Every structure is written in C-alpha cells, then in structure tokens.
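Any read-out appearing in this document is the output of simple, stated calculations on the displayed coordinates, not a laboratory observation. It should be emphasised that the depicted structure is a prediction, and the values quoted were computed from it without experimental measurement. Here Cβ is always computed from backbone atoms with ideal geometry, including for glycine, and neighbour counts include all displayed protein chains.
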Amino acid sequence: MRAFAYERPDRLADALALLADLGPAARPLAGGTDLIIRIRDGSIRPTTVVDVKRIAELEREIRVEDGWLRIGARSTMTDLERDERIRRDYLALAEAAAFVGSVQIRNRATLAGNICNASPAADTAPALLVYDARVVAVGPSGRRTIPLDAFFVKSGVTTLRPGELVEAIEMPLPAGQRGAVHARRTRRRGHDLASVTLACSIGADGVTRLSYGSVGPRPVLVVDETGVLADPRATDLAKSARLDELFADASPSPTSMRASPEYRRAMLRVLGLRAVASAMERLAS
Ligand SMILES: Cc1cc2nc3c(=O)[nH]c(=O)nc-3n(C[C@H](O)[C@H](O)[C@H](O)COP(=O)(O)OP(=O)(O)OC[C@H]3O[C@@H](n4cnc5c(N)ncnc54)[C@H](O)[C@@H]3O)c2cc1C
C-alpha cells in the first residue's frame, strides 16, 4: 500500500477546508470498508485520507426532522438494522442493511459510505430509491439536497461536487400503508457482493416501485402505475410480462466474474416476482 497522510478533524469546517485545499488528492474515510480495499489494490491513490468519524456535525443519529427521516452520515448498517422506526416504516432498508457483509463489517460500514462508493451492487441503494431518498451534501458553496436518483452516475461516480461531504441521507415519512421488501442473490453471503439486488414497495393505491442493482452501471428505479403487479387476480405470467417491460434497460456486464448476463436477467425476473408477492403479503398484514 502506498503511504498517505492521515487527518482526523473534529469540526466540519476543518474537514471542508482540508478537502478544499488538497483537492482530489484527499479522500474522506468513514468506516473504511471500501476505501482501504481500494487504496490497497491501487485503484485509488490519495495522498491524504480525511477521517470523518470524529466530526460531531456528521451525526451518528437517526431522527425525524420536518417530515423526513434523517440518517446522519456516521450511522452504520448496524444502527439501521436496529432502529425501531426503520424496522417499522422502511423495512426494505433494514433488511438491506442486515444483508451487508458480516457483523464486523456492518459495525463499521456507514450508509453514506455505501452510496458514495457508488457500487452498482450497493445493497442499500435499491431500498433508498424505492423510498424516494435524497442526499444532503455540504461543501464549499454551502448545503444542498440531491434526489438519490440524480446522485448515481455509474460505478464509482456520483454527482457529489469536489470538496463536498454527505451530511445525511433523508427519506420522506410514509404517506400511507405500504408493503416493502429487499431481495438479493449472491454467491457467498458475507463475502461477495450481490449478483442481483432489488427492492420493492407497493402502496395501497396499487402503485409498485421497484429498484434493481448489480445489473448495469448504476442502480435503477422503475414504477408500475398500471396496477398489474399489485393486482391479486393477475397471473404470474401477466406479472412476469410486466416485469420484463420494467426491467428492459437492465444491462449486466458481459465480463463480470460474478455471474453471466443471462443468469442475472433470469434472476432479476425471479427476484422481482418474489418481491412483489412478499410486498403484497406485507401490505395486507
Ligand atoms: C468483506 C466485505 C463485505 C462487504 N459486503 C457488502 C455487501 O454485502 N453489500 C454491500 O452493499 N456492500 C458490501 N461491502 C462494501 C462496504 O462495506 C459498504 O459499501 C460500506 O457501506 C461503505 O461504507 P464505509 O463507511 O466503510 O465507507 P468508506 O470505505 O469509508 O468510504 C467509501 C467511499 O465513500 C466516501 N465517503 C465516505 N463517507 C463519506 C461522506 N460522508 N461524504 C462523502 N464521501 C464519503 C469515501 O471517500 C469512499 O470513496 C462489503 C465490504 C467488505 C470489505
């Protein structure tokens, strides 16, 4: 591993000043479960790592504020798994967080790091997308919010501007009844990323929101407003056909070592059907 300088500011202003001074040669570090691996394999070579774990303004807190559930940037997967409100109102996100790595990884890995790393296989991304999440970013020009769907560009690339940090991730409070679920296919749980990751949320109005990852350069959100997926009388054949339309833009990598494109497409449909059935059950219960 190439040597790098290590900074651990206590104040947000100091972290932002460091990032502004050093430019792209500096990288923020939260849990380090992605960053350290990428520094080790040489895919990124920062001259300075800015540890954000002591910055009080980047909270490790999950709370309600102005109609949104706000998840502070230092909140870990374990924090999400255990949070009562997330388990009750955002179950697909609690399930996604519980799928990430092992207990040790989940105790360190932050939600902010998961989305900033922008892996197409990030497990929390589909759940956050179906719940209409937004990112609160803070940087040299102040604070702004970015809808999560406008945050992901492609693997490793987001619309975060140079020198910006993610301060929080927010989801609107639920407006009505919904059933939601996270589903995932992987070769080895705890050791490997997803071959397909997916979340589904069905509202009492019959609208189904599905988001899928690991089958293209970024996670994708699709919405079914025809009501077919939420119709208990519709056959699996009709639902499969609708899912095929919704998943038409899936573009799995032909060179990935994890799974062939054919396998990923087939699993996407299987997981889609199962997720719709589970979400319907949860909506009814
Ligand atoms: C063994 C193992 C298993 C894993 N299994 C899974 C899995 O099953 N599913 C899954 O989705 N992921 C998995 N991961 C990946 C990883 O744990 C997650 O992506 C994690 O959530 C990243 O968070 P972190 O706090 O460790 O981020 P870090 O590694 O510290 O940072 C990741 C990226 O985000 C940036 N960053 C961090 N915080 C901020 C911030 N506040 N503002 C701006 N940029 C920031 C960093 O600069 C870096 O580019 C696994 C990793 C390992 C090592």
- Message: When the expected Rg is taken as 2.2 N^0.38 Å, what fraction or multiple of it is the alpha-carbon Rg of the stretch 53-102?
- Response: 1.15
- Checked the stretch 34-158 with the C-alpha gyration tensor, a ≥ b ≥ c its square-rooted eigenvalues, rounded below a/c of 1.5, otherwise prolate if a/b is larger than b/c and oblate if not; verdict rounded
- Message: How big is the dipole moment of the chain about its Cα centre under a simple scheme where the beta carbon of each Lys and Arg is +1, that of each Asp and Glu is -1, and everything else is neutral? Debye, nearest 20, please.
- Response: 900 debye
- Item | GNM top mover of 89, 205, 41 - the chain, alpha-carbon springs below 10 Å | 41
- Task: Report Rg/Rh for the stretch 70-125, rounded to two decimals, where Rg is the Cα radius of gyration and Rh the Kirkwood radius.
- Result: 0.92
- Answer with one residue from 283, 1, 50: the one whose Cα lies farthest towards the positive end of the charge dipole of the chain, charges on Cβ with Lys, Arg +1 and Asp, Glu -1. 1
- Would you mind working out the magnitude of the charge dipole of the stretch 81-215 relative to its Cα centre, with +1 at each Lys and Arg C-beta and -1 at each Asp and Glu C-beta, to the nearest 20 Debye? 340 debye
- How long is the gain from residue 63 to residue 44 if the chain were fully straight, where each residue apart is worth 0.36 nm and the alpha carbon distance is subtracted? 3.4 nm
- Message: With a cut-off of 8 Å between alpha carbons and a minimum separation of six or more residues, what is the relative contact order of the stretch 12-79 in percent?
- Response: 28 percent
- Message: Taking R0 as 22 Å, what FRET efficiency do you get between residue 225 and residue 274 from their Cβ-Cβ distance, rounded to the nearest 0.05?
- Response: 0.55
- Note on the structure: Output ordering of 213-219, 151-157 (per-residue mean of other Cβ within 10 Å, highest first) is 213-219, 151-157
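How high is the FRET efficiency between residue 4 and residue 141 when r is their beta carbon distance and R₀ equals 35 Å, given to the nearest 0.05?
Numbers: r = 27 Å, r/R0 = 0.77.
After rounding, the FRET efficiency stands at 0.85.
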- Message: If I model a spin label at residue 159 and residue 36 as a point 7 Å from the Cα along the Cα→Cβ vector, what separation in nanometres do I get?
- Response: 3.3 nm
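Just want to confirm a number: the relative contact order over the stretch 132-263, from Cα pairs under 8 angstrom separated by 6+ residues, in percent. Walk me through the intermediate numbers first.
Numbers: 208 pairs, mean separation 21.4, N = 132.
Reported relative contact order: 16 percent.
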- Overall Cα dimensions of the chain, principal axis frame, Å, largest first: 60, 45, 33
- Task: Enumerate the amide H contacts of residue 29 below 5 Å, restricted to partners 5 or more residues apart or on another chain; note that Pro and chain-start residues carry no placed amide H.
- Result: 50, 51, 52
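Can you tell me the order of 52-60, 227-235 when each peptide is scored by its average per-residue count of other Cβ atoms within 10 angstrom, highest first? Intermediate results must be reported in sequence, preceding the final value.
On the way: 52-60: 17.2, 227-235: 15.0.
Top to bottom by mean Cβ count within 10 Å: 52-60, 227-235.
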- Query: Using θ = phi - 60° and the Karplus form 6.51 cos²θ - 1.76 cosθ + 1.60, what ³J(HN,Hα) does each residue of the stretch 236-245 get, whole Hz, x for Gly and Pro?
  - Reply: 4, 4, 5, 5, 4, 4, 5, 4, 4, 5
- Message: Ignoring everything except DSSP H segments at least 4 long, calculate the 222 nm mean residue ellipticity for the chain; use -39,500 (n - 2.57) per segment, divide by total residues, nearest 500.
- Response: -9500 deg cm²/dmol
- Against the rule of thumb 2.2 N^0.38 Å, how large the Cα Rg of the stretch 1-61 comes out: 1.10
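What is the calculated FRET efficiency for residue 207 to residue 244, with r their C-beta to C-beta distance and R₀ = 30 Å, to the nearest 0.05?
Working: r = 19 Å, r/R0 = 0.63.
The pair residue 207/residue 244 has a calculated efficiency of 0.95.
Over the stretch 26-183, what relative contact order in percent results from Cα pairs under 8 Å that are six or more residues apart? Kindly include the intermediate steps, with their values, before the conclusion.
Values: 266 pairs, mean separation 37.5, N = 158.
Answer for the stretch 26-183 is 24 percent.
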